[in-house]
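Below is one structure, written out as C-alpha cells; comments come after it.
Each value in this text was obtained by applying a stated rule to the coordinates, not by laboratory testing. Treat the numbers as computed from the prediction; the structure is a model and nothing was measured. Here the Cβ positions follow ideal geometry from the backbone for every residue, glycine too, while neighbour counts run over all protein chains shown.
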Amino acid sequence: MQYTILVYETPAELTARADPKRKDAYWGAYRAYTTALREAGVMVGGAGLEPPRTATTVRQHDGKRRVQDGPFAETKEQLGGYYVIDVPSLDKALEWAARCPSASTGAAEVRPHMPPPPPPA
Amino acid sequence: MSDAAAAAELAARGSYGRLLAYLAARWRDLARAEDALGDALLAALETWPRTGVPANPEAWLLTAARRRLVDGARHASVTAAAEADLTLMLDERGDRAPHPALPDERLALLFVCAHPAIDETARTPLMLQTVLGLDAVRIASAFLVAPATMSQRLVRVKAKIRDAGIRFEVPEPRDLAARLDSVLEAIYAAFGSGWEDVAGADPRRRGLAEEAIWLGRLVVRLLPDAPEARGLLALMLHCEARRPARRDAAGAYVPLTEQDVTRWSLPLIAEAETLLSAAARANAPGRFQLEAAIQSAHAQRALNGKTDWEAIALLYAGLLRCAPTIGARVAYAAALAEARGADAGLAALDTIPADAVAAYQPYWALGGHLLKVLGRNAQAREAYDRAIGLSEDAAVREFLLARSAGA
C-alpha cells in the first residue's frame, strides 16, 4: 500500500536550509531520514520543494484565468516536500512519519494513495 | 471548576476502573458497561451541581449505571423520556440507597484485557481504556496509531470478549504465572508507549509512564505474592528515577553513562530496590526481575560512582535466555563493549540478523559509537546516519549528528 508523507515545515525550518549555522543539521537530518527509508526498502520516491515564495498558483474558473504569485494557501506551516513510501499498513506509515524531521518542528501528514481510477465504462 | 464537577472528575479517575470492572463482571459486556458508566458520569455532572455531591459518589454512579444497564436490557433503546425519568429517580434516591462494599474486580478485568484470545496490540489500549478510563484519542497518540483505527480496534475487541464469552475471573493457580506475564507485558508496553528505547525517551513526552506505574502498583497490591509484578514495578521506578537526568539544562540529550547522578531520584531508586529484594525472596526469577536487576546495577553509580559492566553483561545474558528481544540483544552488546571493549560489543552486534534491525534505531546508534571508538570512521558515520534517520526525537537526532560529525 502506498502512502505519501507530506512534510510541513515552519518558516524557521525553511530558512534553516540556507542558514550557515543550521544548514548542516537540517540537511543531515533529512539526508539520514531519506537513507533510512531507502535502506528499509520502503521508499518509492519524493522530492524537496523550493520555499512557498517560489510558488505560482493557477486558477481557471468560469473561463477566467488567474495566475497568482505565491502558494495556494497562506498557512503557518508550509509544504516543504514529500515522500512516497510503500508499507503494509497505516500503522507502519505513521511510524515512518513520526521519524520525519518535520514531525518534531512542524508536522508530517500521511495520506493513503487512491487505487487507480476505474476503467472507462 | 464547580465542586460537583470536581467531585465527578475525582470519582471518575479514582473509581472508574473499579466501577467498570464490577459492572462488566456482572453484565459480561464491556462496551455496554462502559456506555452505562459514561452515561452515569454525564448524569452526575448534570445532577450534582443542583442537588449537591452525594455522600458516596461511587455508590451513586454505580446505581445510575446499573439502572442504565437494566433499562437497556429491557428496551432496545432508551427513549429520551425514560432517560429524564431515570435522572429524576436518581435525584431522589440514588445517593441514599445503602450500598455494600464494592468488591474489587479489577484484577479479573486486567486478565480479560490480556487474555490470549485477544490480539497482542489491543491488550494495552484496552487496559488503559477500561481500567483507567483513558480516551481513545490519547491512547492512539501514545501508540502512534490513527485515532479512528484505535477506536475501531477497541470496539472490535470488546465485541470479541462478549461473543467469545471470555470470563471475568482470575486464572487458576496453575495458569496464573503465564497469564500474569501477559498482563505485565501489556503494562510495560504502556510504560514505553511507542518508544523503542525507553531509557532515551524525551522526558517531556512522558507518554503513559505514569499510568503504567499506577497499573503496576495496582497489580502489586492485588497480587502481593507475585514476584514478577514487583519486578516490573521496580523496573519502571528505576527508569522513572532517571527521567530528569535525560536532558541537560539546555534540553540536549544525555546518554545514560554521562548522566548527572545527582539528578536521579533517590526515593524512587530506594522504593525500586525494596520491591526488588522483596521479589527476590520468592526465589522465582523472571524477565522483569532480571530487567529490574540490570537497572538496579546502573543505579549503584548514584551510590558509589561506579558501574559494574561485567555484572550488567551477565544479567543481560540471563535476560536473553528468557526474553531474547532485539532490544535486549543490543543492550547486551552495549554492556559487553563497556566491560570487554568495543570489539566484543561489535561482535555481539554482528550476530543480530540485518532484517531485524532495518528500522531499529538503538542498533545503529550503538554501532556508530563502537565503530567510532575503533577508528572505523567512515563506517561509523554510515551507522550514525541510519540512527539519525530512524530517530523520532529532535534532541537525540542532534546528539547523534554531533557524534557523527566528530567521527
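Tabulated data
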| item | result |
| --- | --- |
| Nearest-20 debye value, the stretch A:43-121 charge dipole, Cβ charges on Lys, Arg, Asp, Glu | 300 debye |
| Nearest 10 degrees, 0 to 90: helix B:209-222 Cα axis against chain B principal axis | 70 degrees |
| Peptides B:333-339, A:16-22 ordered by average Cβ neighbours within 10 Å, highest first | B:333-339, A:16-22 |
| Computed helical MRE - 222 nm, chain B, DSSP H runs ≥ 4 contributing -39500 (n - 2.57), nearest 500 | -22500 deg cm²/dmol |
| GNM flexibility winner over chain B from B:Arg340, B:Arg247, B:Arg167 (Cα, springs under 10 Å) | B:Arg340 |
| Highest-fluctuation residue, A:Pro101, A:Pro52, A:Pro88 considered, GNM on chain A with Cα pairs under 10 Å | A:Pro88 |
| Farthest positive-ward along chain A dipole, Cα basis, beta-carbon charges - from A:Pro11, A:Val84, A:Gly28 | A:Pro11 |
| Estimated 222 nm signal from helices in chain A, with DSSP H stretches of n ≥ 4 weighted -39500 (n - 2.57), rounded to 500 | -9000 deg cm²/dmol |
| Label-point separation, B:Ala282 to A:Thr15 (7 Å along Cα→Cβ), nm | 5.9 nm |
| Nearest 10 degrees, 0 to 90: helix B:30-51 Cα axis against chain B principal axis | 70 degrees |
| The stretch A:2-112: relative contact order in percent, alpha carbon pairs under 8 Å with at least 6 residues between | 48 percent |
| Chain B: most fluctuating residue of B:Pro324, B:Pro224, B:Pro353 per GNM, C-alpha cutoff 10 Å | B:Pro353 |
| The stretch B:219-291, relative contact order [Cα under 8 Å, separation at least 6], % | 47 percent |
| Alpha-carbon centroids, the stretch B:378-392 and the stretch B:148-178: separation in whole Å | 41 Å |
| Cα gyration tensor shape for the stretch B:259-407, rounded if a/c is under 1.5, else prolate or oblate | prolate |
| Separation between Cα centres of the stretch A:1-35 and the stretch B:330-354, rounded to whole Å | 32 Å |
| Degrees, to the nearest 10: B:173-192 long Cα axis against longest axis of chain B | 70 degrees |
| Cα gyration tensor shape for the protein assembly as shown, rounded if a/c is under 1.5, else prolate or oblate | oblate |
| Cross-link pairs beyond the 31 Å C-alpha cut-off, checked among A:Lys23/A:Lys64; A:Lys23/A:Lys92; A:Lys21/A:Lys76; A:Lys23/A:Lys76; B:Lys306/B:Lys372; A:Lys21/B:Lys306 | A:Lys23/A:Lys64; A:Lys21/B:Lys306 |
| Relative contact order computed over the stretch B:256-407 (Cα-Cα under 8 Å; 6+ residues apart), in percent | 13 percent |
| The stretch A:2-112 shape via C-alpha gyration tensor axes, a/c threshold 1.5 | oblate |
